[in-house]
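A.B. asks: Pasting a structure here, questions to come.
Quick note: the coordinates plus some simple rules give every number you see, no bench work behind them. What you are looking at is a predicted structure, and each value in this text was computed from that prediction instead of being measured. Here the Cβ positions follow ideal geometry from the backbone for every residue, glycine too, while neighbour counts run over all protein chains shown.
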Amino acid sequence: MSNSNHCPCCGEKPNQTISLVSGDCYICDQCCHMWRTENIIYDYDNNPMFSETSDARMQPAYDLLSLFHTQNMRALEVGVSDGNYAQLLRQNVPFKSYEGVEISPRYKEAETKVDVVHNMTIQELANRGTHQFDLMICNHTLEHIWDIGDFIKAFDCLLSKGGMIYLEVPNRSGHPRFYYDENTSHLHFFSVTSIGRFLERLGYVIIDLRTSIFHNQRCPLGMQLLAMRARDLVEKQPNYKLPPLKIEGPVVVWGVGSQLAVDDLHYQMNIDDILCYVDKDPKKQGKNCYGVDVFAPEHMANFDSFTLYINSLLYEHEIRPEARSIAGDKIKAIVTMKEAYDLKD
């Protein structure tokens, strides 16, 4: 995949080149990937990279990884640099273990901030065949790699079954006012399309992709994604935190308009906790949902000390005062859909 005559992301042959101040690049008209025609050997020893850390920089990682059971994960950061990013990430996201890969002299700083640092290339580590990681983190590193195909193939050798890759890269130039990126350490310039085509060719499926991810002032427009091997998805779904909906019974549910929402109630909470459904639509009254009867809202007054679950996103603000006027203090708590589906513990 490092053949410069074909796009390393989609495999198509580029039909044009462009001359930047920093050197010539190929452009793929199929996936919009751009990459340098020649490998620029960047002196990382004398021009070391530093971990970019700030609240704005770290928050997207916290937000995305908080959806997963990270306390069970063995993580490996490829390009751990000085370990500052790893140190902050570990303080806010629990991992079972956290290791790093770093070939520059900065690995010595990282050794005090992670469990283990491997001072070798990721390919060399993969050839040892002794490690299995549940999460491999590549934080603004992929754009610096000449043979990105060989690089990610090494990930495949180190990932556990069902393991995930977490990538951050600039989106094109990384800045809305610069169409092209003149950073001489950057060898690849990804688009949303090209990063997807690249991972697809290697057998990966993107399970979450977000754009406009802040890296620094020069690169406020990054991409953040999680990917899994397609073959693993057949046997194991991503380990999202989807506990039972946060509704304590007994429960009266207001609203049966959304079949999806009703299905979720059936599968994600104890159906025996539901006293009844209520709905203002006469056509729905007298029916039942999964064996639970549907009544007019006035029926709520027949129950004492229950939780009202507002099964509606559109009419939450109208339902709340109307329910209070019907049942008053008999309602011990009101839970909205937003609160019930909150994934953060």
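A.B. asks: What order do you get for Met34, Met228 when you list them from fewest to most C-beta neighbours inside 10 Å?
C.D. replies: Met228, Met34
A.B. asks: Calculated from DSSP H runs of 4 or more alone, at -39500 (n - 2.57) each and per residue, what is the 222 nm mean residue ellipticity of the chain, nearest 500?
C.D. replies: Taken over the chain, the calculation gives -6500 deg cm²/dmol.
A.B. asks: So what is the diffusion coefficient of segment 256-301 in µm² per second by Stokes-Einstein at 37 °C and 0.692 mPa s, using a Kirkwood Rh over Cα pairs?
C.D. replies: Using the Kirkwood radius from Cα pairs, D works out to 302 µm²/s.
A.B. asks: Right, next: Helix 259-268 versus the longest principal axis of the chain: what is the Cα-based angle in degrees, 0 to 90, to the nearest 10?
C.D. replies: Tilt of helix 259-268: around 90 degrees.
A.B. asks: If you don't mind, another one. Given a cut-off of 31 Å, name the pairs among Lys280/Lys338; Lys113/Lys246; Lys246/Lys287; Lys113/Lys338; Lys153/Lys246 whose C-alpha atoms lie farther apart than that in the structure shown.
C.D. replies: Pairs exceeding the cut-off: Lys113/Lys246; Lys113/Lys338; Lys153/Lys246.
A.B. asks: Hey, another quick one. So what's segment 36-145 giving for Cα Rg divided by 2.2 N^0.38 Å, two decimals?
C.D. replies: Against the empirical 2.2 N^0.38 Å value, I get 1.08 for segment 36-145.
A.B. asks: Mind putting a number on the dipole of the chain about its Cα centre? Charges go on the C-beta only, +1 for Lys and Arg and -1 for Asp and Glu, and I need it in Debye to the nearest 20.
C.D. replies: Dipole magnitude for the chain comes out near 300 debye.
A.B. asks: With a 10 Å cut-off between alpha carbons and a GNM built on the chain, which of Glu143, Glu248, Glu318 moves the most?
C.D. replies: Most flexible of the set in this elastic network: Glu318.
A.B. asks: Please grab the % of Cα pairs in segment 205-339 that end up more than 24 Å from each other.
C.D. replies: For segment 205-339, the fraction of Cα-Cα distances above 24 Å is 45 percent.
A.B. asks: Moving on to the next point. On a 0 to 90 degree scale, rounded to 10, what angle separates helix 316-327 from the longest Cα axis of the chain?
C.D. replies: 30
A.B. asks: Report the residue, chosen from Pro170, Pro94, Pro282, that carries the largest GNM mean-square fluctuation when the chain is represented by alpha-carbon nodes joined by springs under 10 Å.
C.D. replies: Checking each option, the largest mean-square fluctuation is seen for Pro282.
A.B. asks: Over the Cα atoms of the chain, what radius of gyration and what Dmax do you get, in Å?
C.D. replies: When restricted to the Cα atoms of the chain, Rg and Dmax are 25.6, 77 Å.
A.B. asks: Could I ask something else about it? With springs connecting C-alpha atoms under 10 Å apart, model the chain as a Gaussian network and identify which of Leu202, Leu125, Leu275 has the largest mean-square fluctuation.
C.D. replies: Fluctuation is largest for Leu275.
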